[in-house]
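Below is one structure; the comments refer to it alone.
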Amino acid sequence: MSGDSAATTGPAGTVTRAEVCVVACAEVWRDDGEVLASPMGVIPALGARLARRTFAPDLLLTDGEALLTGPDGHTEGWLPYRRHLDLVTGGRRHVMMGASQLDRHGNQNISVIGDWHRPRRQLLGMRGAPVNTLNHPVSYWIPRHSPRVLVARVDLVCGVGHDRAEAAGPSASRYHDLRRVVSDLGVFDFATPDRTLRIVSLHPGVTLDRVRAATGFPLAGDAPGVPAPVTREPTPEELRLIRTELDPEGRREREVPS
């Protein structure tokens, strides 16, 4: 496959970009053990359920309110709000949040665009982002990788990045754990000496030039003349689960269109 195609043909047949993203999101919970998965977005939610059905059987899923659920949605237990907060503050949760803006250090903005005093656009607000990033593992999902999202400097810090956590000292950095960033173009992490965003893999058909043009800052791991690794595609069994059991309605294709 060449160019920047949104679908590829491999051992499992034709695979769409959205299905690659589901698997990439599932991988963020690999080896997490018995923690609460809190995915935000259609594809992260499918990823968490796929992980539970395959390589992460101990993962805890919820209905977003007060129930623990299985990957097919059946009730497995009760999770009252006080217990949920225990998991959040005790580090037994791995959330995959969205980001209206994200910088190279992992600072996230979901509150406002523009100056805080006279914003051009009002967004969700701070919500739980500061607490999440300072207490338990956090990953990010970006369905539209663009220089408007991957920015040199966020307009307001909601989720705390590596530079700010380290500057604040042990009270902020002790449990600070930004794991991965998955976008519709690739997978990224912060595994560099200065803890800045690094290319882990690009999705099949995505070029380095496309990622460079869609990112508002230089990415670590972008070495001239060195091709980036390619994100793995779903196995035939994973593809069957995605298409026939987890998302037969094809909602994933609306979040990342082919």
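Miscellaneous remarks
- All conditions but one from (1) in contact with a Lys or Arg (Cβ under 6 Å, 6 or more places away or on another chain); (2) within 21 Å of V15 (Cα to Cα); (3) open to solvent by 20 Å² or more (accessible area, probe 1.4 Å) apply to V256; the one that does not is (3).
- Scanning region 62-82 for residues that are surrounded by 10 or more Cβ atoms within 10 Å (Cβ to Cβ), under 17 Å from R49 (Cα atoms) and under 24 Å from the mean Cα position of the chain (by Cα) returns T62, D63, G64, L67, L68, T69, G70, P71, D72, G73.
- Hits in region 105-119 (condition: of a type in the set (G, A, S) and crowded, with 16+ Cβ neighbours inside 10 Å): G106, S111
- Subset of region 38-54 [open to solvent by 20 Å² or more (accessible area, probe 1.4 Å) and of a type in the set (A, V, I, L, M, F, W, C)]: M40, V42, A45
- Put simply, of A56, A37, A24, A51 the only residue that is free of Cβ contacts under 8 Å to residues at least 60 places away in the same chain and under 13 Å from the mean Cα position of the chain (by Cα) is A37.
- Restricting V157, V181 to those that are of a type in the set (V, I, T), open to solvent by less than 10 Å² (accessible area, probe 1.4 Å), under 28 Å from I113 (Cβ atoms) and at pLDDT 95 or above reduces the list to V181.
- Every pair of residues 6+ apart whose Cβ atoms lie under 8 Å, when the first sits in region 165-194 and is among the hydroxyl-bearing types (S, T, Y) while the second is part of a helix (DSSP H, G or I) and crowded, with 24+ Cβ neighbours inside 10 Å: S173/A165
- Hits in region 205-258 - residues which are aliphatic (A, V, I, L, M) and in a helix (DSSP H, G or I): L208, V211, A213, L239, L241, I242, L246
- If you filter region 72-101 down to residues that are charged (D, E, K, R) and without any contact (Cβ under 8 Å) to a residue 24 or more places away in the chain, you find that the one that is nearest to V182 (Cα to Cα) is D86.
- Within region 205-242, tally of residues that are open to solvent by 30 Å² or more (accessible area, probe 1.4 Å), within 27 Å of A56 (Cα to Cα) and touching a residue at least 24 places away in the same chain (Cβ under 8 Å): 7
- Checking each residue in region 120-136 for being open to solvent by less than 20 Å² (accessible area, probe 1.4 Å) and touching a strand residue (DSSP E or B) at 6+ places or on another chain (Cβ under 7 Å) picks out A129, N132, T133, H136.
- Restricting L102, L87 to those that are modelled with pLDDT under 95, open to solvent by less than 40 Å² (accessible area, probe 1.4 Å) and of a type in the set (A, V, I, L, M, F, W, C) reduces the list to L87.
The values are calculated or read from the model by the stated rules, or taken from the named source; none is laboratory data. All of these numbers come straight from a predicted model, not from anything done at the bench. Methodologically, a virtual Cβ is constructed for each residue, glycine included, from the backbone with ideal geometry; neighbour enumeration extends over all protein chains shown. All accessible areas refer to the heavy atoms of the entire protein, side chains included, with ligands and DNA or RNA removed. Shrake-Rupley method; radii C 1.70, N 1.55, O 1.52, S 1.80 Å.
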